[in-house]
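A short worksheet on the structure shown next.
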Amino acid sequence: MPMRHLLIVEDDRALGDGVRLALQHPDLEAVLCRSLAEARTALESRTFDLLILDVGLPDGSGLDLLRQIRQTSALPVILLTANDMETDIVAGLESGADDYITKPFSLAVLRARVNTQLRRSETVSPPAEHLELGPFLFDFGRMDFRKNGAPIELSKTEQKLLRLLVENRGRTLTRSVLVDRIWTDGAEYVDENALSVTVKRLRGKLEDSPSKPQYLKTVYGLGYTWTVSGPSEKLVL
Ligand code: CA
């Protein structure tokens, strides 16, 4: 099983620590935040596989963060709500929560719910080995990349960047997330320019007009996105 990354947002110190302890597992890395502000910073700086989100937080409602997340992401979210707050539960599910647990809860139940969500996310987002997107055919397994049938040579780094973008197409990936995910091979220092250079090279190989990209677009001040293509898109596994 690959390493899974979990974000816990809970301002009750004892409960937050208890949850983290209960979920301890060699394949699970948990980050604990105590406020919405801390959670936003964590979410901007990296990617997670699951979010456990308290509703009542010192700087606002977890539901606001949930709605914000749902604008761009299908990240699985389990809400922690107070026992008597039925309205919170309804609002939570309407806001896009995948599950909820009412306090007080048993840690065994929490573990079971977390495992269910992680299993589900594994099957919902399988790795895209072979993708047909508009004029493109990207086969990451065979390292075969084509535009209108013509083969394109891509470096390892360009392949990594392309794969992250197309697997998350329609979503914005921040520069820090991309740098983090592409240059993970123990490089202590990554030139900030490396990402811009790789984007430029990839555009040169894929775009009709690299200075006016149609596919690999810049989201100013944030990062990059691969625009979602039309109905011809086909995912073959
Ligand atoms: Ca709370």
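The values are calculated or read from the model by the stated rules, or taken from the named source; none is laboratory data. Note that this is a predicted model, so its numbers are computed, not measured. No Cβ is skipped: glycine too gets one built from the backbone with ideal geometry, and neighbour counts run over all protein chains shown. Side chains are part of the model used for accessible areas, which takes the heavy atoms of the whole protein and leaves out ligands, DNA and RNA. Shrake-Rupley method; radii C 1.70, N 1.55, O 1.52, S 1.80 Å.
Please tell me if VAL190 is open to solvent by less than 50 Å² (accessible area, probe 1.4 Å), modelled with pLDDT under 85 and under 24 Å from the mean Cα position of the chain (by Cα).
yes
List the number of the failed condition for THR87; all other conditions in (1) open to solvent by 80 Å² or more (accessible area, probe 1.4 Å); (2) in a loop (DSSP other than H, G, I, E, B) hold.
Only one criterion is unmet by THR87, namely (2).
Yes/no per residue for (1) polar (S, T, N, Q); (2) under 15 Å from the mean Cα position of the chain (by Cα); (3) surrounded by 14 or more Cβ atoms within 10 Å (Cβ to Cβ):
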| site | (1), (2), (3) |
| --- | --- |
| ARG34 | no, no, yes |
| GLN71 | yes, yes, no |
| VAL77 | no, yes, yes |
| LEU80 | no, no, yes |
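For the range 35-61, give me each residue that is touching a helix residue (DSSP H, G or I) at 6+ places or on another chain (Cβ under 7 Å) and within 16 Å of the ligand (Cβ to nearest atom).
LEU36, ALA39, ILE52, LEU53, ASP54, VAL55, LEU57, ASP59, GLY60, listed by residue number.
Please find, within the range 1-28, the residue that is farthest from the ligand (Cβ to nearest atom) out of those that are among the small types (Gly, Ala, Ser) and either touching a residue at least 60 places away in the same chain (Cβ under 8 Å) or open to solvent by 90 Å² or more (accessible area, probe 1.4 Å) (or both).
So the residue we want is ALA22.
Are any residues in the range 38-58 loosely packed, with under 14 Cβ neighbours inside 10 Å and modelled with pLDDT of 95 or more, and if so, which ones?
Step one: of the range 38-58, the residues loosely packed, with under 14 Cβ neighbours inside 10 Å are 41, 44-45, 58.
Listed by number, the list holds a single entry, PRO58.
Of everything in the range 62-100, what is without any contact (Cβ under 8 Å) to a residue 24 or more places away in the chain and within 13 Å of the ligand (Cβ to nearest atom)? Give them in sequence order.
Scanning the range 62-100 gives a single hit, ASN83.
Based on this model, can you work out whether ASP144 counts as acidic (Asp, Glu) and modelled with pLDDT of 85 or more? Let's see the steps before the verdict.
Numbers: acidic (Asp, Glu): yes; modelled with pLDDT of 85 or more: yes.
Answer is yes for this residue.
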